[in-house]
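The block underneath contains the structure these notes are about, expressed in structure tokens.
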Amino acid sequence: MKIPEPRGSVSAGLLSFLSGQPGADPAGQEHLHELVTAQLRLVGDIIDDDDLQLALFCLYELHYGGLDGVDDCWEWNPDLIRVRQLLESPFEKALRTAAHECAPLASLPPAETLSSDDVADILFELAARDSGPSMSRHVARKATLEQLHEFLIHKSVYQLKEADPHTWAIPRLTGRAKAALVEIQADEYGGGRPDRMHSALFARTMRGLGLEDDFGAYVDTVPAISLASVNMMSLFGLNRRLRGAIAGHLAIYEMTSSRPNQLYGQGFRRHGFGAEVTGYFDEHVEADAVHEQIAGRDLAGGLVEAEPGLLGDVLFGATASLAIDARLSALIMDAWDNGRSSLRTAVMADR
């Protein structure tokens with residue numbers, strides 16, 4: 001990913017630090033740690049903090065495709081892992097608070113008594129309870145062409161590397177849950193056909209609207225909450241202790257995907273776009289209708305049957321996903337309803 005523009009002292013300090021060689025600047029390491037500590041004292045809600053979310057996004061990207069011009073040896077640098085953990089702790093706490101406020105859970109039977117079908121039923125009930133603003137209906141019926149561009153730009157921060165955060169969980173699972181995750185991910189990666197990978201389908205959609213399709217091309221334009229939605233997945237996927245959360249996240253993601261994608265496809269067709277653009281959404285209408293059952297019953301349900309102690313984290317991952325998606329949708333819809341762009345900076349696409 002190309003190096004983004006800093007959004008404050010922490011992201012500026014991090015990107016400056018990464019421009020050097022690992023181990024070459026001990027004073028810089030301590031300075032970066034001090035910057036993070038000082039900023040955390042000032043932050044009201046880390047989920048909406050542009051500076052800290054960008055810094056965390058860049059730290060996570062070291063574990064994915066890397067940053068342009070940054071030495072790959074930074075990936076496991078102990079000082080950067082220390083900084084990442086400093087950011088992860090309050091971020092996880094904020095996610096747990098947001099999840100509880102969005103979808104407080106009634107008392108549940110002991111996890112040891114729940115079957116995989118019971119777990120799936122709880123997740124389906126959560127999905128049905130989702131009452132955030134419906135961006136999908138707006139896209140289907142009223143979104144302007146400019147709003148379609150913005151919609152894709154927000155989604156591109158994840159969709160151009162779709163499935164990767166969840167794949168971290170494969171070696172952390174066993175048995176039925178592992179097999180279910182592999183089955184889902186095989187579809188996400190196109191069943192062995194690079195052109196059918198969901199990230200490739202989304203890139204095709206971006207190109208169809210004259211937008212750049214390189215991963216991270218629009219990181220500078222999206223608000224903190226868009227970065228937080230991806231950072232949440234990386235937090236869950238990269239920390240083995242949160243394997244239940246990444247399973248719950250994927251389950252609810254699949255359970256709330258099929259119908260919205262059908263509406264998104266309608267919105268793009270309303271503006272005259274054909275299969276080259278709508279193929280990404282059309283693919284998810286069918287695939288996610290199948291994936292939701294596998295993810296709910298075999299992945300999340302199978303994981304809780306094998307490890308009942310993970311029920312709380314499975315539900316945390318699901319409710320956190322709903323909470324952050326609702327906040328992002330509310331931000332975008334509020335901007336659109338008031339005739340404003342939902343992006344930090346304007347984007348001019350080729351027509």
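Figures for the structure shown
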{"item": "Charge dipole magnitude, Cβ of K and R +1, D and E -1 - region 9-100, Cα centre, debye nearest 20", "result": "340 debye"}
{"item": "Protection proxy ranking of 147-155, 275-283 - average other beta-carbon atoms within 10 Å, highest first", "result": "147-155, 275-283"}
{"item": "Accessible area expressed per residue, the chain, with surrounding protein chains retained (probe 1.4 Å, Å²)", "result": "41 Å²"}
{"item": "Integer Hz, Karplus 6.51/-1.76/1.60 couplings in order for region 179-188, x for Gly and Pro", "result": "4, 5, 5, 4, 4, 5, 5, 4, 5, 4"}
{"item": "Charge dipole of the chain about the Cα centre (unit charges at C-beta), most positive-ward option of PRO223, ASN77, PHE236", "result": "PRO223"}
{"item": "Test item: Cα-centred dipole of the chain, Lys/Arg +1 and Asp/Glu -1 on Cβ, debye", "result": "540 debye"}
{"item": "Region 277-347 shape via C-alpha gyration tensor axes, a/c threshold 1.5", "result": "oblate"}
{"item": "Whole-Å distance, taken between Cα centres, linking region 78-100 and region 238-261", "result": "19 Å"}
{"item": "Correct choice for P(r) over Cα pairs in 20 Å bins from 0, in percent that was computed from the model, options [x] 30, 59, 10; [y] 28, 47, 19, 4, 2, 0; [z] 28, 57, 13, 1, 0", "result": "[x]"}
{"item": "Ranking by accessible area, most exposed first, for LEU108, LEU181 with a 1.4 Å probe", "result": "LEU108, LEU181"}
{"item": "Label-point separation, ALA179 to ASN338 (7 Å along Cα→Cβ), nm", "result": "5.2 nm"}
{"item": "Exposure rank, largest accessible area first [PHE215, PHE57; 1.4 Å]", "result": "PHE215, PHE57"}
{"item": "Within the accessible area of the chain (1.4 Å probe), percent carbon and sulfur", "result": "51 percent"}
{"item": "Separation of the HIS63 and ARG269 label points, Cα + 7 Å toward Cβ, nm", "result": "4.0 nm"}
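The values are calculated or read from the model by the stated rules, or taken from the named source; none is laboratory data. The structure displayed is predicted, hence computed values, not measured ones. Because the Cβ atoms are built from the backbone with ideal geometry, glycine has one as well, and the counts that use them run over all protein chains shown. Areas reflect the complete protein model, heavy atoms only, side chains present, ligands, DNA and RNA absent. Shrake-Rupley method; radii C 1.70, N 1.55, O 1.52, S 1.80 Å.
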